[in-house]
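> First the structure, which I've put down as structure tokens, then a few questions once you've had a look.
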Amino acid sequence: MSIASLLQRPFSVKRIPGFATIAIITFFCLYAPVIILVAYSFNAGTSLAIWEGFSLVWYQQAIANEAVQAAGLRSLALASIAATIATVAATMAGLATTRKRPFKGQTAVYTLINQPLMVPEIVTAVALLIFFAIIKVATGYQGMGYLIVAHTAFCIPFAYLPIRARLQGMDLSLERAAADLYATPWLTFKRITLPIMAPGIMAGFMLAFVISLDDVVISEFVKTPGQETLPTYMLGQLRRVVTPEVNAISSVLLAISILFVALFFFLNSRRS
Amino acid sequence: MNSNKPEDSVAIDVQSVTKIFKGETEVLALDDVSVQVRENEFFTLLGPSGCGKTTLLRLIAGFEHPTDGRIKLHGSDISLLPPNKRPVNTVFQNYALFPHMTVAGNIEFGLEMMGQAKAERSATVDRMLALVQMEELKNRRITEISGGQQQRVALARALAPHPKVLLLDEPLSALDLKLRKEMQIELKRLQHETGITFVFVTHDQEEALTMSDRVAVMSAGKILQVGSPRDIYDHPTDRFVANFIGESNFLNAELTKVSKGKGMIKLASGAELDASLPSDAPAVGPVSILIRPEHSQLTKRSSKAPLSGSIDNIVYFGTDTHFHITLETSEAFTVRTQNKPGFEGAFQIGDQVSLTIEPDAVQVLKD
């Protein structure tokens, strides 16, 4: 290959020597532990390190474990409620920040909405612990409300990002055209804005759902005794004897996350 | 429906409309604009970007409301009505077709919002598809058709509710030259067939001249001149209008006589010529005049000619040739001559020449 032809071609990182090697090593480091975790969830023995044959015993044990059942159902319920409320809030925020002319203080609003992504999770967790403690003392309420509020709060930016991305790709003149064609503001929203932004809303919901499902730090600080979610239950188990049951539960969580993330990318790629 | 109305009854009456956009800095988009669009005419708002033509269109559509003044549609004040309550439809610059609907779905949308029955709607959709020759693509998605086809769907969608006025916001600017020429003819045909009043916004002077019944030339939030394309081209009353539409020679002269709307001017050579005057005629004295490059001819040097000078440059354009001349007054002047076979070489660079000026070619400007 002549130098001239090299110069003519645009720069591509793919042609740097060793690109493939580095990529393979990176992916190996990222995914090897996960693959081992999943593999050992099928281990017949009690060891996390010695392979003793294939078995589904840990899955059976996890399913039969009433504590796992309770924590699992609580996690699913919490993720569903928090993700739903967060998605509704994020949808409204998305509409307000993209469907009008930019308003004064819009950047400040973006920052406020996305703040939970920037603040270290442990700080939010401690803040919520103290804040909710005050409310608990004042009201005596001990229920799931605290976890729902906390999860909703940190899920909003995750739901907001794909919704906003979708709305920003949507021409403002579409709503004008609908109004021009005699549609009332409500019908414009129902027939034009909502159907076009729907994939963004779905993607936002799924991202929020997965984030809530996987959360451990904030849940650990906010929950009242007995309100174990799946991740906090697993954290508790790790303090005692660790068996591949934790691997089995992790593998199921992983499967759910992969499913949702895959759906998220699928919906986001279907841009019209 | 409106067939027995007189030809020149007013469709849109814009009365002293001012539009100020408030923001970091206030922008005066329209400055006390008054204009009347007649029933059934193809009316064009022409001007450079930022002149306020799109703002005026949006005010008529209802996407913006005037800061001051009123807009009437067939006599009733629509200034403050929302867009969905105005019997006016828009063809958007980027078409703004609904991407999640089919071609037919887009055309049907307005009819459905008006509350038409299903059977009537499908009949109208089919009629509109036939009107823009898109019958075969009825059930295609918007994302599956070409730009030119989208343009036709946008037209059909806006025409389907049979609006009192159709507003077109630079709808041809995204098309390539050939398609644009086709659509110019197509738009003219549609306007003729539907009998709907068209208000067309463009920055393209050729588009404005070829399609319009009347043109309003805008600059800096004001309408400078309204008239037929021929009026605007042959008798621009304003230096901006003359410059914006076609090529112009501006000369200094003296207005010596004004009578019955006609004037007489005297050139530096002493020659006196009849001249058209703008509506608010200037007083006798020094004025600027305009002569179009094709309204003058080169001749051999003659002391009796109104203008004389020397040829600086000759530029060949295929259909015609431009002669750039420096007059004896050291003013620049361009003559455009249509090329004929065997005419090559009649004049050379550096030749001393005189110019004849055709009758009715001199226009006195306001400034």
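The values are calculated or read from the model by the stated rules, or taken from the named source; none is laboratory data. As the structure is a prediction and not an experimental result, all values here were calculated from the model. Don't worry about glycine lacking a Cβ; one is built from the backbone with ideal geometry, like all the others, and counts go over all protein chains shown.
> Taking the conditions exactly as written (touching a helix residue (DSSP H, G or I) at 6+ places or on another chain (Cβ under 7 Å), surrounded by 14 or more Cβ atoms within 10 Å (Cβ to Cβ), at pLDDT 90 or above and not β-branched (Val, Ile, Thr)), does B:ARG292 satisfy them or not? Steps first, answer last, please.
Working: touching a helix residue (DSSP H, G or I) at 6+ places or on another chain (Cβ under 7 Å): no; surrounded by 14 or more Cβ atoms within 10 Å (Cβ to Cβ): yes; at pLDDT 90 or above: yes; not β-branched (Val, Ile, Thr): yes.
So B:ARG292 does not fit the description; no.
Rundown of residues vs (1) part of a helix (DSSP H, G or I); (2) surrounded by fewer than 22 Cβ atoms within 10 Å (Cβ to Cβ); (3) at pLDDT 90 or above, yes/no style:
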site	(1), (2), (3)
A:TYR141	no, yes, no
A:TYR160	yes, no, yes
A:LEU167	yes, yes, yes
A:ARG176	yes, yes, yes
A:LEU194	yes, yes, yes
A:MET197	yes, no, yes
A:GLY204	yes, no, yes
A:ILE218	yes, no, yes
A:PHE221	yes, yes, yes
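> List, please: which pairs have Cβ atoms under 7 Å, are six or more places apart or on different chains, and start with a residue in region B:121-139 that is touching a residue at least 12 places away in the same chain (Cβ under 8 Å) and within 13 Å of B:VAL103 (Cα to Cα) and end with one that is among the acidic types (Asp, Glu) and loosely packed, with under 14 Cβ neighbours inside 10 Å?
Every condition considered, the pairs that remain are B:LEU129/B:GLU135.
> Here is a follow-up. Take the conditions under 25 Å from B:ARG38 (Cα atoms), more than 9 Å from chain A (Cβ to nearest Cβ) and without any contact (Cβ under 8 Å) to a residue 40 or more places away in the chain and apply them to B:LEU155. Does it pass?
Considered against the rule, which asks whether it is under 25 Å from B:ARG38 (Cα atoms), more than 9 Å from chain A (Cβ to nearest Cβ) and without any contact (Cβ under 8 Å) to a residue 40 or more places away in the chain, B:LEU155 comes out as no.
> Restricting attention to region B:102-137, and to residues there that are touching an Asp or Glu at 6+ places or on another chain (Cβ under 8 Å) and charged (D, E, K, R), which single residue is nearest to B:LYS85 (Cα to Cα)?
Only one residue fits best here, namely B:ARG121.
Table: residues versus (1) over 16 Å from B:SER79 (Cβ atoms); (2) touching a residue at least 60 places away in the same chain (Cβ under 8 Å); (3) among the polar types (S, T, N, Q).
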residue	(1), (2), (3)
B:SER16	no, no, yes
B:VAL27	yes, no, no
B:ASP31	yes, yes, no
B:ASN40	yes, yes, yes
B:THR44	yes, yes, yes
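> Restricting to region A:82-122, what's the tally of residues that are surrounded by 14 or more Cβ atoms within 10 Å (Cβ to Cβ) and touching a residue at least 60 places away in the same chain (Cβ under 8 Å)?
Looking only at that region, the number is 16.
> Take the residues in region B:142-190 that are part of a loop (DSSP other than H, G, I, E, B) and hydrophobic (A, V, I, L, M, F, W, C), then tell me which one is surrounded by the most Cβ atoms within 10 Å (Cβ to Cβ).
Restricting to residues being part of a loop (DSSP other than H, G, I, E, B) and hydrophobic (A, V, I, L, M, F, W, C), the top hit is B:ALA160.
> Would you say B:VAL27 is away from chain A (no Cβ under 11 Å), among the aliphatic types (A, V, I, L, M) and within 15 Å of B:GLN15 (Cα to Cα)?
No.
> For region A:204-220, indicate whether the set of residues that are more than 10 Å from every other protein chain (Cβ to nearest Cβ), without any contact (Cβ under 8 Å) to a residue 12 or more places away in the chain and charged (D, E, K, R) is non-empty. Before the answer, list the steps.
Step one: of region A:204-220, the residues more than 10 Å from every other protein chain (Cβ to nearest Cβ) are A:204-220.
Filter once more, so that each one left must be without any contact (Cβ under 8 Å) to a residue 12 or more places away in the chain: none.
No, there is no match, as no residue in region A:204-220 is more than 10 Å from every other protein chain (Cβ to nearest Cβ), without any contact (Cβ under 8 Å) to a residue 12 or more places away in the chain and charged (D, E, K, R).
> So, in region A:94-121, of the ones that are modelled with pLDDT of 90 or more and in contact with a helix residue (DSSP H, G or I) (Cβ under 6 Å, 6 or more places away or on another chain), which residue ends up farthest from A:PHE189 (Cα to Cα)?
Among those that are modelled with pLDDT of 90 or more and in contact with a helix residue (DSSP H, G or I) (Cβ under 6 Å, 6 or more places away or on another chain), it is A:GLU121.
The rows are residues; the columns are (1) without any contact (Cβ under 8 Å) to a residue 60 or more places away in the chain; (2) out of contact with any helix residue (DSSP H, G or I) (no Cβ under 6 Å at 6 or more places or on another chain); (3) surrounded by 16 or more Cβ atoms within 10 Å (Cβ to Cβ).
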residue	(1), (2), (3)
B:VAL217	no, no, yes
B:GLN225	yes, no, yes
B:TYR233	yes, yes, yes
B:THR237	no, yes, yes
B:VAL241	yes, yes, yes
B:GLU247	no, no, no
B:LEU251	no, yes, yes
B:GLU254	yes, yes, no
B:LYS260	yes, yes, no
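> Of everything in region B:191-222, what is assigned to a strand (DSSP E or B) and either hydroxyl-bearing (Ser, Thr, Tyr) or in contact with a Gly (Cβ under 9 Å, 6 or more places away or on another chain) (or both)? Give them in sequence order.
B:THR197, B:VAL201, B:THR202, B:ARG214, B:VAL215, B:ALA216, B:VAL217, B:MET218, B:SER219, B:LYS222
> Does at least one position in region B:345-352 carry a residue that is surrounded by 15 or more Cβ atoms within 10 Å (Cβ to Cβ), at pLDDT 90 or above and not assigned by TED's automatic domain parsing to the domain that holds B:LEU224?
no
> Specify which of the listed residues (A:LEU147, A:LEU187, A:LEU181) is within 14 Å of chain B (Cβ to nearest Cβ) and surrounded by 19 or more Cβ atoms within 10 Å (Cβ to Cβ).
Being within 14 Å of chain B (Cβ to nearest Cβ) and surrounded by 19 or more Cβ atoms within 10 Å (Cβ to Cβ) holds for just one of A:LEU147, A:LEU187, A:LEU181, which is A:LEU181.
> Among the residues of region A:239-261, is any on the phi < 0 side of the Ramachandran plot, loosely packed, with under 14 Cβ neighbours inside 10 Å, within 14 Å of chain B (Cβ to nearest Cβ) and basic (Lys, Arg)?
No, that holds for no residue.
> Can you report the number of residues in region B:96-130 which are part of a helix (DSSP H, G or I) and either surrounded by 18 or more Cβ atoms within 10 Å (Cβ to Cβ) or within 13 Å of chain A (Cβ to nearest Cβ) (or both)? Steps first, answer last, please.
Quick first cut of region B:96-130, residues part of a helix (DSSP H, G or I) only: B:103-113, B:118-130.
Then keep just the ones that are either surrounded by 18 or more Cβ atoms within 10 Å (Cβ to Cβ) or within 13 Å of chain A (Cβ to nearest Cβ) (or both); that gives B:103-113, B:121, B:124-125, B:128-129.
Going through region B:96-130 one residue at a time, the tally reaches 16.
> Inspect all residues belonging to region B:305-325 and state whether any of them is in the same structural domain as B:LEU267 (by TED's automatic domain parsing), acidic (Asp, Glu) and under 26 Å from B:TYR233 (Cα atoms).
Taking every residue of region B:305-325 in turn, at least one turns out to be in the same structural domain as B:LEU267 (by TED's automatic domain parsing), acidic (Asp, Glu) and under 26 Å from B:TYR233 (Cα atoms).
> Further question on the same structure: Kindly evaluate A:LEU48 against the criterion of being aliphatic (A, V, I, L, M), in a loop (DSSP other than H, G, I, E, B) and at pLDDT below 95.
Yes.
> Inspect region A:183-191 for any residue being outside any helix (DSSP H, G or I) and under 30 Å from B:THR102 (Cβ atoms) and give the result as yes or no.
Going through region A:183-191, the residues outside any helix (DSSP H, G or I) turn out to be A:183-184.
From the residues that got through so far, the ones that are under 30 Å from B:THR102 (Cβ atoms) too are A:183-184.
The answer is yes; a qualifying residue exists.
Per-residue answers, yes or no, for (1) of a type in the set (Val, Ile, Thr); (2) over 30 Å from A:THR98 (Cβ atoms):
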site: A:PHE205; (1), (2): no, no
site: A:ILE218; (1), (2): yes, no
site: A:PRO231; (1), (2): no, yes
site: A:ARG240; (1), (2): no, yes
site: A:ILE256; (1), (2): yes, yes
site: A:ALA262; (1), (2): no, no
site: A:SER269; (1), (2): no, no
